[in-house]
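No lab work stands behind these numbers, since they all come straight from the coordinates. All values derive from a computational prediction rather than experimental measurement.
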Amino acid sequence: MVEDARNRFAEDVFAHRVTQDGKVLISWQGRTVTTVSGAAAAKLVDRLEAADRREVQHLLARATGHFKHGTER
């Protein structure tokens, strides 16, 4: 279980979609912000399948990295 003392993962702001070729497209508030592919995508999918809702949000947030720093397009 993920520790969430500040209740950051109370809302589902991240979503994901797995493509046929195994890539994981991660979106934030409806906009795709990161694509994970290869072995990292396979590992992420395995972890997402075993996670609860809050942990899914945590895993997706970690996979995006620090995308909200003015460099997102």
Worksheet, complete the sentence: Whole-number value, in Å³ per residue, for the convex hull of the alpha carbons of the stretch 14-64 is 64 Å³
Practice prompt. List every residue whose amide H lies under 5 Å from the amide H of Thr34, counting only residues 5 or more places away in sequence or on a different chain, with H placed 1.01 Å from N in the peptide plane.
Written response: Ile26
